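*Asks:* This is the structure, below, for whatever I ask next.
The values are calculated or read from the model by the stated rules, or taken from the named source; none is laboratory data. Only a predicted model underlies this, so the values are computations on that prediction, with no experimental measurement involved. Here the Cβ positions follow ideal geometry from the backbone for every residue, glycine too, while neighbour counts run over all protein chains shown. Just the protein is used for accessible areas: all its heavy atoms, side chains included, with ligands, DNA and RNA removed. Shrake-Rupley method; radii C 1.70, N 1.55, O 1.52, S 1.80 Å.
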Amino acid sequence: MIPLAKPSLTDKEEQSVTSVIRSGWVTQGPKVEEFEKKFASIVGSKHAVAVSNCTSGLHLALKALGVGSNDEVITASHSYIATSNSIRYCDAIPCFVDIQNDSFNLCPKLVESAITEKTKAILCVHQMGMPCDISSLKIISKKYDLPLVEDAACAIGSKLLYNNKWENIGKPHGEIAVFSFHPRKIITTGDGGMITTNSDNLAEKFRLWRQHSMGISDFKRHEKKTVTYEKYSEIGYNYRLTDIQAAIGTEQLKRLDDIVLKRRKLADHYSKLLKDTRGITTPKEGLNNRSNWQSYCVRINEELNTKEIMQKLLDDGISSRRGIMCSHLEPAYKTEPYSWTGKHSDQPLNLFESERARNHSLILPLYYDLSFDEVQNICCSLLKIVSACKFLK
Ligand SMILES: *Cc1c(COP(=O)(O)O)cnc(C)c1O
């Protein structure tokens with residue numbers, strides 16, 4: 001059985017956990033600090049603040065920018081539901097904008113047309129690791145004085161050409177970028193997240209809020225030679241990452257380049273084997289983008305039944321998933337408020353490209369330990385299945 005994804009964890013990660021357990025300090029402490037420093041230096045940001053997961057990081061990011069009750073935040077419905085949920089955590093309203101059909105990412109023109117007097121921020125997504133059109137979004141964000149937050153959950157190790165230089169996602173290019181270390185992403189700490197920013201003021205808020213707004217951290221108090229009482233200046237959260245997780249993260253970061261290189265080679269292999277296949281369109285990198293290929297997502301011709309293809313792959317021992325969900329189509333958003341802007345805004349609700357991408361695309365297995373032979377087998381199986389399908393036209 002070939003799974004869709006599998007984390008790559010080695011003896012090094014295992015040993016790092018043992019040493020933390022033996023140290024006697026297991027929650028947020030020196031290992032978290034070490035992980036943050038390494039992360040910031042790799043992506044090129046001034047600050048990196050570790051949190052319990054990407055969703056809690058997005059919540060803090062929007063809160064720190066002052067997003068509150070009845071404000072609107074422009075984002076993609078075509079994303080993992082956590083993106084829009086983080087907006088609802090602030091009691092704000094997601095304004096869903098349609099995606100571009102080539103990149104699965106927000107269409108900047110539609111973002112601009114969705115701006116109202118209630119808009120408080122833009123939350124873009126580097127979907128499946130493919131950098132979105134940050135340069136265009138940055139121009140809009142400056143023009144309308146709206147902060148830009150990057151949902152970079154999938155995008156550690158992805159790069160974009162920015163002002164003619166290749167830069168890492170997370171530098172950040174907006175005000176704030178937030179990453180995930182869930183096992184489906186590029187590197188993992190089990191669960192975990194990281195916020196990057198160049199703002200001292202924002203970083204300070206994140207550090208405070210993630211630990212109940214405790215004025216002095218328990219680790220700092222633990223080290224002090226004088227008795228110190230802590231103060232709680234406002235309501236905070238428990239969004240801490242633990243030292244156990246951070247130790248794993250630090251080891252994973254050392255392997256980031258190697259992991260991304262392997263993923264890029266595997267994606268290349270897929271694209272070579274699947275190109276020119278009737279019924280399948282392979283994903284493409286733009287000239288300004290280098291994806292880490294967090295997911296390798298092919299489009300399936302709309303005349304074909306995606307679910308049936310997935311079932312036949314499964315019968316051949318190959319896991320796959322349908323394309324990224326659309327939040328507005330989930331039961332939760334039947335009652336949650338949102339607004340939207342699609343290409344065909346005369347129609348009742350039309351996020352046409354988002355829904356098309358959800359319904360007619362397929363994510364194929366891609367992970368560090370997948371072999372080139374396995375990719376070949378997956379492609380053989382897929383080609384066999386698709387060529388046996390009946391096309392209507
Ligand atoms: C995975 C993912 C998230 C949520 O990340 P967690 O670390 O599980 O909270 C948010 N946004 C996107 C785009 C994701 O893919």
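*Asks:* Given the conditions (1) buried (at least 24 other Cβ atoms within 10 Å of the Cβ); (2) over 14 Å from the mean Cα position of the chain (by Cα); (3) among the hydroxyl-bearing types (Ser, Thr, Tyr), which single one is not true for Thr196?
*Replies:* (2)
*Asks:* Tell me, which residue of segment 76-95 that is away from the ligand (no atom under 14 Å from the Cβ) and not in a loop (DSSP other than H, G, I, E, B) is farthest from Leu148 (Cα to Cα)? Before the answer, list the steps.
*Replies:* Of the residues in segment 76-95, the ones away from the ligand (no atom under 14 Å from the Cβ) are 90-93, 95.
Next, only the ones that are not in a loop (DSSP other than H, G, I, E, B) stay: 93, 95.
Values: Ile93: 16, Cys95: 14 Å.
Among those that are away from the ligand (no atom under 14 Å from the Cβ) and not in a loop (DSSP other than H, G, I, E, B), it is Ile93.
*Asks:* Output the residue which, of all residues in segment 344-393 that are among the aromatic types (Phe, Trp, Tyr) and more than 24 Å from the chain's Cα centre (by Cα), is modelled with the lowest pLDDT.
*Replies:* Of segment 344-393, the ones among the aromatic types (Phe, Trp, Tyr) are 352, 367-368, 372, 391.
Cutting the leftovers down to more than 24 Å from the chain's Cα centre (by Cα) gives us 372, 391.
Values: Phe372: 98, Phe391: 73.
The residue in question is Phe391.
*Asks:* Then there is this: Is there any pair linking a residue in segment 177-200 that is touching a residue at least 60 places away in the same chain (Cβ under 8 Å) and near the ligand (Cβ under 10 Å from one of its atoms) to one that is among the charged types (D, E, K, R) and in a loop (DSSP other than H, G, I, E, B), with Cβ under 7 Å and at least six apart or on different chains, and which?
*Replies:* Final answer for the pair search is Phe181/Asp191; His182/Asp191.
*Asks:* Let me ask something else about it. Condition (residue is more than 16 Å from the ligand (Cβ to nearest atom), under 30 Å from Glu353 (Cβ atoms), surrounded by 17 or more Cβ atoms within 10 Å (Cβ to Cβ) and modelled with pLDDT of 95 or more) applied to segment 42-62: is it met by at least one residue? It would help to see each step written out before you state the result.
*Replies:* So in segment 42-62, the residues more than 16 Å from the ligand (Cβ to nearest atom) come out as 42-47.
Going one step further and asking which of them are under 30 Å from Glu353 (Cβ atoms), we end up with 43.
From what's left, surrounded by 17 or more Cβ atoms within 10 Å (Cβ to Cβ): 43.
Now restrict to residues that are modelled with pLDDT of 95 or more: 43.
Scanning segment 42-62 turns up at least one residue that is more than 16 Å from the ligand (Cβ to nearest atom), under 30 Å from Glu353 (Cβ atoms), surrounded by 17 or more Cβ atoms within 10 Å (Cβ to Cβ) and modelled with pLDDT of 95 or more.
*Asks:* For the list (1) closer than 14 Å to Gly57 by Cα; (2) in a loop (DSSP other than H, G, I, E, B); (3) open to solvent by 40 Å² or more (accessible area, probe 1.4 Å), I need the number of the one condition that Pro183 fails.
*Replies:* (1) is the only condition that Pro183 fails.
*Asks:* Please tell me if Gly174 is closer than 21 Å to Lys31 by Cα and not polar (S, T, N, Q). Spell out how you get there, then give the answer.
*Replies:* Working: closer than 21 Å to Lys31 by Cα: no; not polar (S, T, N, Q): yes.
So Gly174 does not fit the description; no.
*Asks:* A follow-up question, please. Looking at (1) in a loop (DSSP other than H, G, I, E, B); (2) open to solvent by 40 Å² or more (accessible area, probe 1.4 Å), can you tell me which one Pro283 breaks?
*Replies:* All conditions pass for Pro283, except number (2).
*Asks:* Residue by residue through segment 71-118, note down the ones that are open to solvent by 20 Å² or more (accessible area, probe 1.4 Å) and either under 17 Å from Ala177 (Cα atoms) or in contact with a Gly (Cβ under 6 Å, 6 or more places away or on another chain) (or both).
*Replies:* Tyr80, Asn85
*Asks:* Also: Name the residue, out of Val73, Val67, Val111, that is aliphatic (A, V, I, L, M), part of a helix (DSSP H, G or I) and away from the ligand (no atom under 13 Å from the Cβ).
*Replies:* Values: Val73 fails: part of a helix (DSSP H, G or I); Val67 fails: part of a helix (DSSP H, G or I).
Checking each option against the conditions leaves just Val111.
*Asks:* Among residues belonging to segment 201-222 that are open to solvent by 40 Å² or more (accessible area, probe 1.4 Å) and part of a loop (DSSP other than H, G, I, E, B), point out the one that is nearest to the ligand (Cβ to nearest atom).
*Replies:* His212
*Asks:* Which residues, taken from segment 9-41, are assigned to a helix (DSSP H, G or I), over 17 Å from Gly193 (Cα atoms) and open to solvent by 20 Å² or more (accessible area, probe 1.4 Å)?
*Replies:* Of everything in segment 9-41, those that are assigned to a helix (DSSP H, G or I), over 17 Å from Gly193 (Cα atoms) and open to solvent by 20 Å² or more (accessible area, probe 1.4 Å) turn out to be Asp11, Lys12, Glu14, Gln15, Val17, Thr18, Ser19, Ile21, Arg22, Ser23.
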